[in-house]
Amino acid sequence: MRAVINAYGRALLSQLHGKMLLLSVLPFLLSVLVWGVLLWLGLQPLVDGVGAWFGAHDGFSISGGVLATFGMGALKIVIVPLIAMLLLLPLMVLTALIFIGLVAMPVVVRHVGGRHFSLLEKKRGGSWFGSLFGASAVSLIFIVLWCLTLPLYVLPPLALLVQTLLWGWLTYRVVAYDALAEHASAAERSQIMRLHRRPLLAIGIVSGLAGAVPGLLWLGGAVLSVVFFPFLAAASIWLYVLIFIFTGLWFQYYCLEALRQLRAAPIETIADPAQPTKEWP
């Protein structure tokens, strides 16, 4: 785990660089613009649709009884907008993640690679289309799993645990590809993703825990007031952008250092330890 901690420290220092701070502006403005339009046009119809579904399936009495069991009966009046926000939350995060991938990650790759790994050969084993296809496939799986875990919110600690693991898996699968696409070959990327699966997943999980903070702001807009919601939504989007940029830096430092060590190590020392060594007579 020392490599994970070292990469964290280097990413934190780079996050404070003026170039990285300015990098958050464009993805933030793009996300706010897109979501401002979507919420203006679609938020009330979504809330009305959820409310109609609740009314047709006796959802208010059922949810009220469940919440009362856990001493949270007062939340009954905000259950419909809260569920609407829960449905929108993964879409908002995925939007920010896509904008980060398109706008920020190329800058992160050049910043980290140029400053600290300038001697590392670029084999360009990944592509923009490969990143888009992989992110789209992983995102679809994530959305399905996210929706399936929504009932777990009757037990908030369990919901937090499961969805943190989901965020960690999503972040690991999406960002690690972008971090290695420029410098690693396809074979090297596959090998690093396999041999370093646990550290990469750990980075993703920690990033997922950090991502819970803006998520709480987003959901707080449903609980507090529609007056505060636009400001809380904008604040949560900005925090997501900053967290994703830091996550990109963290993955970038870790992956490029792993790639450097992979190329420097003798061939026999980088074989997958899970595979038995073949002995020749």
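The values are calculated or read from the model by the stated rules, or taken from the named source; none is laboratory data. What you see is a predicted model; the values in this text were computed from it and never measured. Heads up, the Cβs are rebuilt from the backbone with ideal geometry, glycines too, and the neighbour counts pull from every protein chain shown. In case anyone asks, the SASA skips ligands and DNA or RNA and just uses the protein heavy atoms, side chains included. Shrake-Rupley method; radii C 1.70, N 1.55, O 1.52, S 1.80 Å.
Select from the range 245-259 the residues that are out of contact with any His (no Cβ under 8 Å at 6 or more places or on another chain) and farther than 13 Å from residue 10 by Cβ and list them in ascending order. Correct list: 245, 247.
Could you please give the count of residues in the range 113-136 that are open to solvent by 40 Å² or more (accessible area, probe 1.4 Å) and either in a helix (DSSP H, G or I) or not hydrophobic (A, V, I, L, M, F, W, C) (or both)?
Of the residues in the range 113-136, the ones open to solvent by 40 Å² or more (accessible area, probe 1.4 Å) are 114-116, 118-119, 121-124, 127-129, 132-133, 136.
Filter once more, keeping what is either in a helix (DSSP H, G or I) or not hydrophobic (A, V, I, L, M, F, W, C) (or both): 114-116, 118, 121-124, 127-129, 132-133, 136.
The total comes to 14.
State yes or no: is residue 159 loosely packed, with under 13 Cβ neighbours inside 10 Å and among the small types (Gly, Ala, Ser)? So residue 159 does not fit the description; no. Take residue 134 and decide whether it is at pLDDT below 85 and within 24 Å of residue 102 (Cα to Cα). Yes: the conditions hold for residue 134. Run residue 37 past the list (1) open to solvent by less than 80 Å² (accessible area, probe 1.4 Å); (2) over 30 Å from residue 112 (Cβ atoms); (3) assigned to a helix (DSSP H, G or I); (4) at pLDDT below 75 and report the number of the one that doesn't hold. Failing condition for residue 37: (4).
Pairs linking a residue in the range 4-29 that is more than 15 Å from residue 100 (Cα to Cα) and loosely packed, with under 13 Cβ neighbours inside 10 Å to a residue that is modelled with pLDDT of 90 or more and basic (Lys, Arg), with Cβ atoms under 8 Å and 6 or more positions apart or on different chains, do not occur. Looking at 184, 84, just one residue is surrounded by 15 or more Cβ atoms within 10 Å (Cβ to Cβ), part of a helix (DSSP H, G or I) and either within 16 Å of the chain's Cα centre (by Cα) or aliphatic (A, V, I, L, M) (or both), and that residue is 84.
Of the residues making up the range 162-181, just one is of a type in the set (A, V, I, L, M, F, W, C), within 16 Å of residue 89 (Cβ to Cβ) and open to solvent by less than 10 Å² (accessible area, probe 1.4 Å), namely 170.
Residue pairs whose Cβ atoms lie under 8 Å apart, separated by 6 or more positions or on different chains, with the first residue in the range 83-109 and among the aromatic types (Phe, Trp, Tyr) and the second part of a helix (DSSP H, G or I) and buried (at least 21 other Cβ atoms within 10 Å of the Cβ), are 99/27; 99/31; 99/241.
Being crowded, with 21+ Cβ neighbours inside 10 Å, at pLDDT below 80, of a type outside the set (Asp, Glu) and assigned to a helix (DSSP H, G or I): is that true of residue 101 here?
Values: crowded, with 21+ Cβ neighbours inside 10 Å: yes; at pLDDT below 80: yes; of a type outside the set (Asp, Glu): yes; assigned to a helix (DSSP H, G or I): yes.
Spelling it out, residue 101 is indeed crowded, with 21+ Cβ neighbours inside 10 Å, at pLDDT below 80, of a type outside the set (Asp, Glu) and assigned to a helix (DSSP H, G or I).
Taking interchain pairs and intrachain pairs at least six residues apart, which have beta carbon atoms under 8 angstrom, with the first residue in the range 189-210 and within 17 Å of residue 239 (Cβ to Cβ) and the second basic (Lys, Arg) and surrounded by 18 or more Cβ atoms within 10 Å (Cβ to Cβ)? Hits for this filter: zero, empty list.
Select from the range 1-20 the residues that are assigned to a helix (DSSP H, G or I) and in contact with a helix residue (DSSP H, G or I) (Cβ under 8 Å, 6 or more places away or on another chain) and list them in ascending order.
Pass one, the range 1-20, residues assigned to a helix (DSSP H, G or I): 2-15, 18-20.
Once the filter is applied, which keeps residues that are assigned to a helix (DSSP H, G or I) and in contact with a helix residue (DSSP H, G or I) (Cβ under 8 Å, 6 or more places away or on another chain), the range 1-20 yields 3, 4, 6, 7, 8, 10, 11, 12, 14, 15, 19, 20.
Looking only at residues in the range 232-267 that are touching a Phe, Trp or Tyr at 6+ places or on another chain (Cβ under 7 Å) and modelled with pLDDT of 90 or more, the one that is most open to solvent (accessible area, probe 1.4 Å) is 260.
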